[in-house]
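The values are calculated or read from the model by the stated rules, or taken from the named source; none is laboratory data. Given the structure is predicted, the values throughout are model-derived calculations rather than measurements. Here the Cβ is made from the backbone with ideal geometry for all residues, glycine too, and neighbour counts use every protein chain on show.
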Amino acid sequence: MIDFKSKLGKKAMRHLKKEYFIWLTTVDSSGTPQPRPVWFILEGDSILLYSQPSAFKLKHIVNNPNIALHFNTADPKGEEDLIIFKGIAKVDPKAKPVNKNRAYMRKYREGIKRLGSTPQKFTEGYSTAIRIKLTSLRGW
């Protein structure tokens, strides 16, 4: 369980609430880390993101649900605001679809529009929800 009341925990929570992207790192079948930026929301005590059903990250998660998440840092030297989570990811068939998830739409409606898509088309393309239970936090 992560202590979001600690100094680092509070900093991490601020990032979870304000950042637009988070880097998701999965591991492929050869054991090679595969980082990628993803859109996400904090939903309760977990991270929720959506994926295309044929994306490699889904295959990676099925084979090895252990993942890492981190944010970009605005610090040019990379010495501040380093937040790294570990977690367990799984497909969540009970999650609301993108266009029915108010928090997700509030955060990414304009991004979806900039992609030249609509909420309905995006929902059809990114139809697989991934829920991540955060298990640990490190950083400074």
Sole exception among (1) closer than 26 Å to residue 94 by Cα; (2) among the hydroxyl-bearing types (Ser, Thr, Tyr); (3) part of a loop (DSSP other than H, G, I, E, B) for residue 25, by number: (3)
Selection from region 97-128 of residues that are surrounded by fewer than 16 Cβ atoms within 10 Å (Cβ to Cβ) and in a loop (DSSP other than H, G, I, E, B): 115, 116, 117, 118, 127
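Being among the polar types (S, T, N, Q), under 25 Å from residue 100 (Cα atoms) and either part of a loop (DSSP other than H, G, I, E, B) or without any contact (Cβ under 8 Å) to a residue 12 or more places away in the chain (or both) is the filter here; which residues of region 28-67 pass it? Steps first, please.
Filtering region 28-67 down to residues among the polar types (S, T, N, Q) leaves 29-30, 32, 34, 46, 51-52, 54, 63-64, 66.
Going one step further and asking which of them are under 25 Å from residue 100 (Cα atoms), we end up with 46, 51-52, 54.
Scanning region 28-67 gives 52, 54.
State yes or no: is residue 74 loosely packed, with under 14 Cβ neighbours inside 10 Å and at pLDDT below 95?
Numbers: loosely packed, with under 14 Cβ neighbours inside 10 Å: yes; at pLDDT below 95: yes.
Judged against the criteria, residue 74 is a match.
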Residue match in region 49-66 (condition: farther than 21 Å from residue 8 by Cβ, at pLDDT 95 or above, of a type in the set (Ser, Thr, Tyr) and surrounded by 14 or more Cβ atoms within 10 Å (Cβ to Cβ)): yes
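Take region 1-33 and flag every residue that is of a type in the set (S, T, N, Q) and either closer than 19 Å to residue 128 by Cα or in contact with a Pro (Cβ under 9 Å, 6 or more places away or on another chain) (or both).
Of the residues in region 1-33, the ones of a type in the set (S, T, N, Q) are 6, 25-26, 29-30, 32.
Hits for region 1-33 are 25, 26.
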